[in-house]
Amino acid sequence: MLRPAASLVLTAPLSALHGRTAASAPTAFNYAVLMVQRLSQGGSFDSAHVFPGGTIDAEDHQPAGAYGHCAIRETYEETGLLLTTPPPSRRPAALVASFKDTCAALQVTPLQPRPLARWTTPRAQKRRFDTRFLALHIDQPHLLSQLGHERPQERE
């Protein structure tokens, strides 16, 4: 059975990161891409470097689209990056509330990433996913200021 999933390909101008990334040497590229390392707990893609993402859950069925909402929610859950508009007046005190409740409390709306690609796990795999990859380029100061301060994922 294919499980619907979404992953976010998040890019930002390299010049805006001001040495907050490992790529401090000169480069021919002008943007950074966010990736996370999966935990080694016997789950999907153990220890792999991946784009943030996961399976669609009941909270993701929003009028603007389940896949986009899932990608933004999973990025928040895995990194603490709150990709919303308008800028929140404050950061959430803790990541204990649901993403929907956090957005409601802060009176913000999740950004809408653009469709990029679709990938289906090969039939030989036990756990199969129908994954939509969505892209979001950020250059707004309130979003860029969060980069370099991601928190490690504690659980899957």
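The values are calculated or read from the model by the stated rules, or taken from the named source; none is laboratory data. Owing to the predicted nature of the structure, the values given are computational and were not obtained by experimental measurement. As a convention, Cβ positions derive from the backbone with ideal geometry for all residues, glycine included, and neighbour counts pool all protein chains shown. Only protein heavy atoms, including side chains, enter the accessible area calculation; ligands, DNA and RNA are left aside. Shrake-Rupley method; radii C 1.70, N 1.55, O 1.52, S 1.80 Å.
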Original post:
Which distance in nm do the two modelled labels at Asp46 and Ser98 give, with both placed 7 Å along the Cα-to-Cβ direction?
Top reply: 3.2
Subject >> Estimated FRET transfer efficiency (Thr109, Met35; beta-carbon r; R0 35 Å; 0.05) >> reply: 0.85
Subject >> Label-point gap, in nm, between Glu59 and Leu14 - each point 7 angstrom along Cα→Cβ >> reply: 3.5
**OP:** Grab the beta carbon distance between Ala124 and Arg90, set R0 = 35 Å, and tell me the FRET efficiency rounded to 0.05.
**Re:** 0.15
**OP:** For Tyr67, Tyr76, Tyr31, write out the residues from largest to smallest accessible area, computed with a 1.4 angstrom probe and no ligands counted.
**Re:** Tyr31, Tyr67, Tyr76
